[in-house]
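The structure appears below as structure tokens.
Here, each number is a calculation from the coordinates, and none is a lab measurement. All figures in this text were calculated on a predicted structure; none of them were measured in a lab. As a convention, Cβ positions derive from the backbone with ideal geometry for all residues, glycine included, and neighbour counts pool all protein chains shown.
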């Protein structure tokens, strides 16, 4: 990846227009490379939110770039909102999809994985030497780590053997057992709302303090326009005008794809 280019906002918007309008494949590729380089920090910012899930940050960034390119392809600069607002859901969604689609059930830090392998190997050696299972303290001393480190390494062992969704869990006699799949909850429909709330919160920063106050009372507190007017000491018509202006302003910063159900 080339070094990031610092491009002023208006020049970026002009690049997006040229990318949308050009029919020359070579020109399109050149402009896309400029745009990808320009949003380098933006992709890293989103990727860092996922860096504690057991994958190198650079790998996550590469996935983020796939989402960035998709967003560049779909962005219409004439809609009025900022590209980063539009692209956030696409880039973050691409990274989340990457983690969902990975084959391994759980990823642990490399240090812990290597320690787990060492514990297994040394445990077998010491069993043969001692004629019994070594204690955690004995393993820790042999490996030069703390007992807590050994315990943590032992505990990740079962994660390397994924549990079958058909495996019964429950009573030992099997009478009241249920399959693992039956114990798993359904997808939480509120998860997407968390992302949407983040987009809305950032969009609300573009409103005036009075507009933000009216929107909060209207849609969070479920107050009527008359109630808002009484609280603020202004007319209901004035409240209506301010609410309409605030909604028009929000439409500039909230992507249409995010607003759709």
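If the chain linking residue 18 and residue 59 were pulled fully straight, counting 0.36 nm for each residue of separation and taking away their Cα-Cα distance, it would gain 11.8 nm.
In this rough spin-label picture, where each label sits 7 Å from Cα along the Cβ direction, the residue 128-residue 10 distance is 7.6 nm.
Rounded to the nearest 0.05, what FRET efficiency do residue 111 and residue 37 give with R0 = 35 Å and r taken as the Cβ-Cβ distance? Could you check?
Details: r = 33 Å, r/R0 = 0.95.
Here the calculated transfer efficiency is 0.55.
Taking max minus min of the alpha-carbon positions on each principal axis, segment 22-122 gives extents of 63, 27, 23 Å, largest first. Ranking of 100, 251, 218 by neighbouring Cβ atoms within 10 Å, starting from the fewest: 100, 251, 218.
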